[in-house]
Structure formats: structure tokens, C-alpha cells
Amino acid sequence: MALTISAHEVSKHNSLDSLWTVVDGVVYDLTEFAPSHPGGVNIILEYAGRDATAAYSAVHSPFFLTTLPPSKILGRLDTSAPLPAMWIATPSLPPLTADKPPLYTVISSHDFLRVALASFPLKTLAFVTGAATDLLTHRRNASAYADITLRPRALIDVSSVRIHTSILGHRVQTPIFCAPTGNSKSVHPDGELALGRACSALGAAQVVSTAASYSLSEVIDATKAASSTPHPIFFQLYVDRDRAKSERFLRAAAARGHLAGVFVTVDAPVVGKREADQRAHSDAANPRALGPVRGHYIDSSLAWDDLRWVRAIVGAEIPILLKGVQSAADAVRAVRAGVQGIVVSNHGGRSLDTAPASVLVLLELQRCCPEVFDKVEVFVDGGIMRGTDVFKALCLGARAVGVGRGFLYGLNYGEEGVKRFIEIMNDELETTMKNCGVTSLDQVYPGLLNTRAVDHLIPDSLSEEHPYAKWRPRQSKL
Ligand code: HEM
Ligand SMILES: Cc1cc2nc3c(=O)[nH]c(=O)nc-3n(C[C@H](O)[C@H](O)[C@H](O)COP(=O)(O)O)c2cc1C
């Protein structure tokens with residue numbers, strides 16, 4: 001890359017016909033790439049013909065640029081002459097809006113949420129706290145835990161409790177894992193690296209999203225440097241419409257040699273209608289746009305048979321989990337399809353509003369297909385804010401629980417905040433166990449819960465018919 005290119009030359013390539021941009025002093029030709037940019041073409045166009053370093057670095061690690069074909073790296077920017085005014089664009093993400101209270105004053109996940117509400121930039125706030133349409137599933141994920149009550153046992157020696165367990169053969173120090181979340185750099189510049197370092201320090205498993213700001217490899221490298229005992233790292237897969245791209249990602253992930261498994265997300269064939277996100281991005285320049293372009297690269301034709309394709313790529317050894325199982329019928333199909341684990345999840349209520357709260361689906365599995373718990377490892381996420389929630393999910397057969405937003409609220413304070421979040425949740429779980437007369441996670445079982453307040457909501461058979469409405473559409477005469 002010997003060529004030096006003047007800012008004046010770059011600025012001529014400022015349209016979709018010829019689109020150059022500069023990141024960290026390197027000039028890239030994004031003409032071919034821009035229309036398929038997973039974050040949408042408009043954001044790239046905004047930086048066409050000028051410097052995009054700040055905007056790029058606000059959401060991405062340097063890794064993504066290395067995935068462009070070498071022919072698209074045109075040269076270095078000539079910085080010997082003064083750069084034109086307005087050439088270096090400011091990032092589209094505004095800085096944090098408020099000072100955060102000291103971390104030691106934050107003592108619960110609700111406190112972390114309060115700090116996020118006061119300090120996240122508007123777009124980040126909408127992205128992280130948002131959910132589909134009326135947020136009913138999002139709220140119900142949490143409130144359903146409150147409807148399930150505990151049945152404590154007394155006079156048991158609980159002076160010492162242990163919360164370690166295993167996930168698909170990997171020992172973890174806590175049953176709480178970091179669920180995959182995209183674009184974590186919008187919360188903190190260290191994004192998934194900080195999540196990884198904190199998980200590694202406290203022995204929690206981590207799932208790295210396809211849409212992560214840092215690549216899986218960067219996360220593995222960062223956490224290896226932080227701790228000598230590696231924590232299990234999983235990769236979450238959104239299958240790309242360009243299947244060859246997903247195949248390359250998966251092969252690279254498998255070849256990296258530190259992959260505990262692949263979570264294939266199945267509850268977001270399209271991105272849900274998240275109105276806070278739409279409002280935060282509404283733009284007079286594109287009045288007809290209905291929201292930020294997210295996930296348009298996801299292949300909505302993905303079907304059960306495609307799991308064989310995933311298996312063929314990752315090989316026989318790496319476990320595959322389905323993330324986003326929302327019915328007993330699909331849990332049974334997943335077992336038949338030969339996966340090693342399922343995650344009962346509705347994407348934190350972000351995909352389909354009024355889908356059932358995930359802990360209720362866990363109960364549905366217990367009622368309609370209990371054998372699933374013996375055949376595969378079952379996990380759950382969505383709405384977990386307290387140690388009591390974790391405990392209840394484990395009593396209902398979850399091997400471990402995922403938390404999405406909570407980790408991001410911790411990440412607001414960087415690695416230390418994530419550590420504090422995990423420690424608070426662990427501490428609450430231990431307190432719950434002691435007060436319920438349980439000293440290790442192999443003692444939890446459904447008898448420690450009263451679920452009567454929600455039992456009437458749980459389907460009572462695997463049948464995919466409505467219990468009494470039998471109407472079917474008539475054949476159209478057209
Ligand atoms: C001018 C350079 C670039 C800028 C300013 C930019 C900015 C952005 C923004 C703002 C988003 C949306 C984040 C959100 O959802 O809030 C995004 C998403 C994304 N970008 Fe870029 N980007 C650039 C170049 C690239 C390149 C070169 C690649 C890869 C080769 C890339 C890969 C992605 C991916 C995978 C996502 C999707 C994340 C998701 O699914 O949410 N970007 N980008
Ligand atoms: C900001 C954000 C981004 C997310 N990104 C992804 C993703 O890239 N892939 C995925 O499978 N799930 C994603 N999820 C869903 C989480 O993995 C998880 O299912 C959900 O957040 C659990 O609910 P909770 O946030 O109430 O804990 C995301 C969730 C949030 C809040």
C-alpha cells in the first residue's frame with residue numbers, strides 16, 4: 001500500500017457510483033460494499049469522500065476492515081497538506097449525556113438500568129432498552145418471574161453454598177452467562193472485549209454475536225491475555241443471505257480452536273418493529289424510511305434442514321444450540337434435529353410482541369415434553385433482573401440462564417461494571433439459595449416453586465391445534 005492519496009482526490013469519490021472513505025489514515029473503496037453494508041447504505045454514504053474514523057470506530061473494531069478484499073485498500077491519506085474544512089466528520093453518536101454515579105453506589109440490576117437511562121446517548125438507549133411494538137413480551141418476561149413464588153425450606157445448614165455448574169461440559173463459576181448482543185461498542189468503546197475480560201475473571205460463559213463490534217478472534221485474544229483459565233466462549237450465528245459469508249465466519253470460528261459451541265438464533269428471521277429505535281433514527285432526509293436498517297442481511301429462508309448445513313461446516317465435535325425456542329413443539333423438533341442444546345428465548349421481547357414470557361415456555365416444556373430436559377441442555381433468557389429469577393429458572397430445569405441487557409448496563413462502566421453486575425447477581429443467587437435451604441445447584445427442583453398463578457397460561461399438550469377453535473380458511477375460488 002505505497003500509494004499516498006490526497007484528501008482532495010478522496011473527496012471526489014463521494015457518491016454511490018464511486019465511494020471512497022478514510023479510516024485511521026487508510027483510504028478504502030467501498031463502492032461495491034456499501035449497498036450490502038449490514039448497517040445500511042445511508043450511513044456509509046454519509047461518510048463518502050471524507051474521513052469516517054470517528055463514526056466507524058464508534059461501532060466497529062478495526063477487524064471489519066480487514067475482511068474487505070485487498071484490492072479495496074487504495075492507499076494512505078496524504079496528511080502533509082491541511083485537510084479541507086468539514087472533511088473530518090464528527091461521529092453520529094453523541095457523547096454520554098450525564099455523569100455516572102460511582103460504581104460502588106450501584107447495588108442492583110435496577111440501579112444499573114437507572115444509570116443507563118440517565119447516561120446512554122439517545123440512539124444507544126433506544127437500541128438497548130427497546131423491544132418490539134408495545135413491549136408487552138419484554139415486560140412480561142420479567143413480571144412472569146414475579147408471579148412464580150418460592151417455597152423455602154428451613155433448618156438446613158446453608159453456611160456454605162456453591163453456584164458453579166457446567167455448560168455443555170465446560171465448568172463455569174456461575175450459572176449466569178452473557179447472552180449475545182450486537183454492537184456493544186455503542187455502550188462502551190471496549191464492547192465485547194470488556195464483557196469477555198469480566199466473564200473470564202469471574203468464570204462466566206460468554207456468547208459473542210454475529211453482529212458484535214469485535215470479532216470472536218479479538219475477544220478470545222483479549223480474554224486469554226486477561227486470565228490463564230479461559231472461560232467458555234460461544235459464537236452466535238445469524239445466517240447471512242450470502243450463505244458463503246456465514247460459512248467463512250463459521251469455519252474461521254471453528255478453526256480458531258477455542259469455540260465452546262454455536263448458538264443459531266431462530267427467533268429473528270426478520271428484525272422486530274422496535275419503535276424507540278425507529279424514532280431515535282427518524283430522519284428528515286429519508287422521510288419514508290421506517291427505521292434503522294438492522295439485520296437485513298439475515299436469511300429469512302432458514303429452515304430446519306439447514307441445521308445439517310451448519311453441522312457439516314462446524315464438524316461433529318462443536319455443540320450446536322438453537323437460540324429462540326418458543327414452544328414445546330419446536331423443542332421436540334430441535335431434539336430430533338440433533339442439536340445439543342436449546343435456549344428458550346424470545347430475543348428479550350425484541351422480535352415478536354405478545355409471544356409468551358420465556359419462563360412460561362420453560363413451564364410448557366416441563367408439562368408437554370419433559371423428556372427434552374434429559375436429552376439436551378436447556379437454557380433460558382429474557383427478563384432476568386434478580387438472583388431469585390435465576391433461581392426460579394434453574395428450579396424449572398434450565399442448566400444456566402442468559403442475560404442480555406443487564407450485561408450492557410454493567411458495560412456502561414466498562415469491565416469493572418460488568419464484573420460488578422455479575423458479582424451482584426451471584427450474590428443475590430447465593431442469598432436466595434440460603435434462604436430456600438439449598439446449598440448447591442444440583443439440589444434445585446420444581447418443588448421449590450409455586451407456579452399456580454401462571455399454570456392456567458401453560459398449554460397442556462404438544463398439539464399444534466387450538467384447544468377448541470377448529471375453523472380453517474376455505475379454499476379461495478379465485
Ligand atoms: C464508513 C465506514 C462505516 C461506518 C460509518 C459504519 C457504521 C455502521 C453503523 C452506524 C452501523 C449500525 C449500528 C447499529 O445498529 O446501531 C453499522 C452496522 C454494521 N456494520 Fe458498519 N460501518 C462502516 C463500515 C463497515 C464495514 C467496512 C463493515 C464490514 C466489512 C461493516 C460491518 C457492519 C456490520 C456487520 C454491521 C451490523 C451490526 C448489526 O447487525 O447490528 N461496517 N455500521
Ligand atoms: C441490545 C441487544 C442486542 C441484541 N443482539 C442480539 C444478537 O446480536 N443476537 C442474538 O441472538 N440475540 C441478541 N439479543 C438478544 C439477547 O441475546 C437475549 O436473548 C435477550 O437480551 C435476553 O433478554 P434480556 O435483555 O431481558 O436479558 C440482543 C439483545 C439486546 C438487548
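The values are calculated or read from the model by the stated rules, or taken from the named source; none is laboratory data. Just so you know, these numbers come straight off a predicted model, no measurement behind them. Using ideal geometry, Cβ is built from the backbone for each residue, glycine included, and neighbour counts are taken over all protein chains shown.
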>> Under 9 Å between Cβ atoms, which residue pairs at least 6 apart in sequence (or on different chains) link something in the range 372-395 that is more than 21 Å from residue 438 (Cα to Cα) with a partner that is of a type in the set (Asp, Glu)?
In response: 383/389
> In the range 261-279, which residues are within 13 Å of ligand 2 (Cβ to nearest atom) and either of a type outside the set (A, V, I, L, M, F, W, C) or part of a helix (DSSP H, G or I) (or both)?
Replying inline: 265, 267, 269, 272, 274, 276, 277
> Restricting to the range 205-247, what's the tally of residues that are part of a strand (DSSP E or B) and basic (Lys, Arg)?
Replying inline: 0
> Out of the residues in the range 196-231 that are under 14 Å from the mean Cα position of the chain (by Cα) and away from ligand 1 (no atom under 16 Å from the Cβ), which is surrounded by the fewest Cβ atoms within 10 Å (Cβ to Cβ)?
Replying inline: 206
> In the range 68-80, which residues are part of a loop (DSSP other than H, G, I, E, B) and of a type outside the set (D, E, K, R)?
Replying inline: 68, 69, 79, 80
>> Return the residues of the range 144-180 that are part of a loop (DSSP other than H, G, I, E, B) and over 12 Å from residue 438 (Cα atoms); say none if nothing qualifies.
In response: 148, 164, 168, 169, 173, 174, 175, 179, 180
> Among helices (runs of 4 or more DSSP H) lying entirely in the range 21-67, which contain 1 or more residues that are farther than 20 Å from residue 191 by Cβ and of a type outside the set (D, E, K, R)?
Replying inline: 41-46
>> residue 175 - would you say it is more than 30 Å from residue 39 (Cα to Cα), crowded, with 23+ Cβ neighbours inside 10 Å and more than 16 Å from ligand 1 (Cβ to nearest atom)?
In response: yes
>> Quick check on the range 101-115: of everything there that is part of a helix (DSSP H, G or I) and free of Cβ contacts under 8 Å to residues at least 24 places away in the same chain, which residue is surrounded by the fewest Cβ atoms within 10 Å (Cβ to Cβ)?
In response: 104
>> Between a residue in the range 435-456 that is at positive phi and any residue that is of a type in the set (A, V, I, L, M), which pairs come within a Cβ distance under 6 Å, given they are 6 or more apart or on different chains?
In response: 437/156
>> Could you list, ordered by first residue, the pairs with Cβ atoms under 8 Å in which the first is in the range 137-155 and more than 16 Å from residue 383 (Cβ to Cβ) and the second is buried (at least 23 other Cβ atoms within 10 Å of the Cβ) and of a type in the set (Lys, Arg), at least 6 apart or interchain?
In response: 150/392
> Any chance the range 456-472 includes a residue that's at pLDDT 95 or above, surrounded by fewer than 22 Cβ atoms within 10 Å (Cβ to Cβ) and closer than 20 Å to residue 175 by Cβ?
Replying inline: no
>> Restricting to the range 320-363, and then to whatever is outside any loop (DSSP other than H, G, I, E, B) and basic (Lys, Arg), can you tell me which residue is nearest to the chain's Cα centre (by Cα)?
In response: 323
>> Let me confirm something: among 150, 93, which residue is surrounded by 14 or more Cβ atoms within 10 Å (Cβ to Cβ), of a type in the set (A, V, I, L, M, F, W, C) and modelled with pLDDT under 95?
In response: 93
>> I'm trying to understand the selection: among the residues of the range 248-259, which are assigned to a helix (DSSP H, G or I) and among the charged types (D, E, K, R)?
In response: 248, 251
> Is there any pair with a first residue in the range 342-355 that is at pLDDT 95 or above and a second that is assigned to a strand (DSSP E or B) and polar (S, T, N, Q) whose Cβ atoms are under 9 Å apart and which are 6 or more apart or on different chains, and what are they?
Replying inline: 343/265; 345/265; 347/265
>> Restricting to the range 12-52, count the residues that are surrounded by fewer than 18 Cβ atoms within 10 Å (Cβ to Cβ) and more than 21 Å from residue 294 (Cβ to Cβ).
In response: 10
> Can you name the helices (runs of 4 or more DSSP H) wholly within the range 364-478 that have at least 2 residues being polar (S, T, N, Q) and in contact with a Ser or Thr (Cβ under 9 Å, 6 or more places away or on another chain)?
Replying inline: 414-436
>> Among the numbered criteria (1) within 16 Å of ligand 1 (Cβ to nearest atom); (2) more than 17 Å from residue 381 (Cα to Cα); (3) buried (at least 16 other Cβ atoms within 10 Å of the Cβ), which one does residue 122 miss?
In response: (3)
> Residue check, residue 447 against (1) over 21 Å from residue 139 (Cβ atoms); (2) touching a Pro at 6+ places or on another chain (Cβ under 7 Å), all met but one. Which one?
Replying inline: (2)
>> I'd like the residue in the range 181-195 that is more than 15 Å from residue 225 (Cα to Cα) and part of a helix (DSSP H, G or I) and, out of all such residues, is nearest to ligand 1 (Cβ to nearest atom).
In response: 186
> All but one of (1) over 30 Å from residue 303 (Cβ atoms); (2) surrounded by fewer than 18 Cβ atoms within 10 Å (Cβ to Cβ) hold for residue 190; which doesn't?
Replying inline: (2)
>> For residue 306, only one of the following conditions fails: (1) more than 26 Å from residue 242 (Cα to Cα); (2) more than 13 Å from ligand 2 (Cβ to nearest atom); (3) modelled with pLDDT of 95 or more. What is its number?
In response: (1)
